[in-house]
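The values are calculated or read from the model by the stated rules, or taken from the named source; none is laboratory data. As the structure is a computational prediction, the values presented were derived from the model and not from experiment. Please note: Cβ atoms are built from the backbone with ideal geometry, for glycine as well, and neighbour counts cover all protein chains shown. The protein model used for the area step is the full one, side chains on, heavy atoms only, and it has no ligands, DNA or RNA in it. Shrake-Rupley method; radii C 1.70, N 1.55, O 1.52, S 1.80 Å.
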Amino acid sequence: MVKIKKELMDQERLQATIQDIANALKETKKSSINTVDEDCVKAKGRQGTHASYNAQMVVDEKNGLIVSSEAVSENNDLNQFHNQLKEASGVIGDKPKVACSDSGYFSLEDLNQIPEDITVVMPTQKQAQKENGILPVKPFGKEQFQYDSTKDEYVCPEGKRLTYYSSKPREMSYKANGKDCQRCPHFGVCTSSRYGRRITRMREEPLKERLEAIYHSREGQEIYRLRKQKVELLFGHMKRNLGAGQFLLRGRKGVNAELSLLSTCFNIARMITLVGIPALILKLQGM
């Protein structure tokens, strides 16, 4: 009787747990929930898909020190640039003149929140893919159409105009005359539609074009080359030298405490390299 009663109690607990999970899935509208660590997210890596946190770090260009670090519950870097830059600015007590990152952070909606007096060096995802040979150059791509801001029209390589056609909250559509396209020698390559070639222009297109120009400039390329030296270095140091290939604690609060300790260890080692142990001790004593 005792054994049967215990089994019944275990079944009731299991049913209650399953019901709680089902309710949580319904409330959050998620497809899955990690019952061990609710703060983590699923992310794809070299080892496959696994529970993960996204470690964000901001490094200063001059000394290579970690200005701020945070583990976020997001499986990508989109919409992180503005928040991380704001956090780092609060730490140093001033806004940086230049901020740089890879294309994983490229989100026009997020970048639109960056003050204009901060120069952002960041390739678009298309720029990064083309440079890595992932995205082949297409004939008659959008970049080959010139935008005429005075008339709010696009001009195709053959000199024909694409006029405003329709709009959505975040983008506008432009269309060429169908007869012009059908008479064009490039019909079938540029477009196969008898209604004419269409091009979409985002509301933040001027910001995108400005960022593309900054990244392609000589100064932009010099700054971007420093990114791997300054940022990728510390991730390699933590994983290889400190043996921190994964977080040991559960929950975002504990993971951030871990990341803070790792960042402090890195900064101490970096400051020893910069000023030496005696000078660092004197500076710390004078705090």
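Values computed for the structure shown
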| item | result |
| --- | --- |
| Those lysines that a straight Cα-Cα span of less than 25 Å connects to K29, excepting residues fewer than 8 apart in one chain | K42, K44, K253 |
| From the C-alpha gyration tensor of segment 16-97, square roots of 5λ in Å | 34, 14, 10 |
| Within straight-line cross-link reach of K142, lysines at Cα separation under 21 Å, skipping those fewer than 8 residues along the same chain | K126, K130, K151, K160, K168, K175, K179, K208 |
| Accessible-area ranking of I199, I268, largest first, probe 1.4 Å | I268, I199 |
| Cβ-based net charge around R183, under 13 Å, with every Lys or Arg adding one and every Asp or Glu removing one | +2 |
| Segment 146-208-segment 79-139 distance, computed between alpha-carbon centres (Å) | 28 Å |
| Dipole in debye (nearest 20) - the chain, about Cα centre, beta carbon charges: Lys, Arg +1; Asp, Glu -1 | 860 debye |
| [x] 18.8; [y] 15.2; [z] 24.7, with the label sought being that of the calculated mean projected area of the Cα convex hull in nm² | [z] |
| Accessible surface of segment 169-287, 1.4 Å probe, proportion on carbon and sulfur as whole % | 57 percent |
| With all protein chains modelled, accessible area of E205 [1.4 Å, Å²] | 10 Å² |
| Residue-normalised accessible area of segment 83-193, given per residue in Å² at a 1.4 Å probe | 62 Å² |
| Under 20 Å from the Cα of K283 - lysines, other chains or at least 8 residues apart | K62 |
| Convex hull of Cα atoms in segment 69-145, direction-averaged projection (nm²) | 6.7 nm² |
| Percent of Cα pairs exceeding the 22 Å cut-off, where the set is segment 153-287 | 67 percent |
